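Asker: Before anything else, here's the structure in question.
What follows is calculated from the coordinates using simple rules that are stated; it is not laboratory data. Since the structure is predicted, the reported quantities are computational estimates derived from the model, not experimental observations. Note: ideal-geometry Cβ built from the backbone for every residue, glycine included; neighbour counts use all protein chains shown.
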Amino acid sequence: MEKITLEYPVENNGKNYSELSMRRPVLRDMLVAEKKGGSDLQKESVTFSNLCEVTPEVIQALDMKDYKKLQAVYTGFLS
């Protein structure tokens, strides 16, 4: 589990998120994203929401600088 501190916290459904915790991915996470369909970016946001255990709306509300942090952590898990 990797903690990611957000430089630009987000609010969703009355809850504030100033950090997210991302767990390591398993094949099931990829299958869920594939089943949802859509563009690569949509699949990635679904995957990140599963790994961080938040709704896709939280991920979609992230500032791009913070989203890039999630991408870096995810890439690190795969290398």
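Asker: Please list, in order along segment 47-52, the HN-Hα scalar couplings obtained from phi with the Karplus expression 6.51 cos²θ - 1.76 cosθ + 1.60 (θ = phi - 60°), rounded to whole Hz, x for Gly and Pro.
Answerer: 4, 4, 5, 5, 5, 9
Asker: Could you tell me the relative contact order of segment 2-78? Use alpha-carbon pairs under 8 Å, at least six residues apart, and round to a whole percent. List each step's numbers first, then the result.
Answerer: Numbers: 84 pairs, mean separation 25.3, N = 77.
About 33 percent, as a whole number.
Asker: Which FRET efficiency value, to the nearest 0.05, is calculated for LEU31 and ASP63 with the Förster distance at 25 angstrom and r the Cβ-Cβ distance? Spell out each step's value before the answer.
Answerer: On the way: r = 29 Å, r/R0 = 1.15.
Here the calculated transfer efficiency is 0.30.
Asker: Stokes-Einstein diffusion coefficient for the chain at 25 °C in a medium of 0.890 mPa s, Rh from the Kirkwood formula over Cα pairs: what value in µm²/s?
Answerer: Numbers: Rh = 12.6 Å.
For these conditions, the coefficient is 194 µm²/s.
Asker: Net charge within 11 Å of MET1 by Cβ-Cβ distance, Lys/Arg positive one each and Asp/Glu negative one each, not counting MET1 itself? It would help to have the intermediate numbers written out before the result.
Answerer: Working: positive: LYS3, ARG23, ARG24; negative: GLU2, GLU53.
Net charge around MET1: +1.
Asker: Now, a different point. Starting from the 7 Å offset along Cα-to-Cβ, what nm value, one decimal, do you get for the label separation of LYS3 and LYS15?
Answerer: Here the answer is 1.7 nm between the modelled labels.
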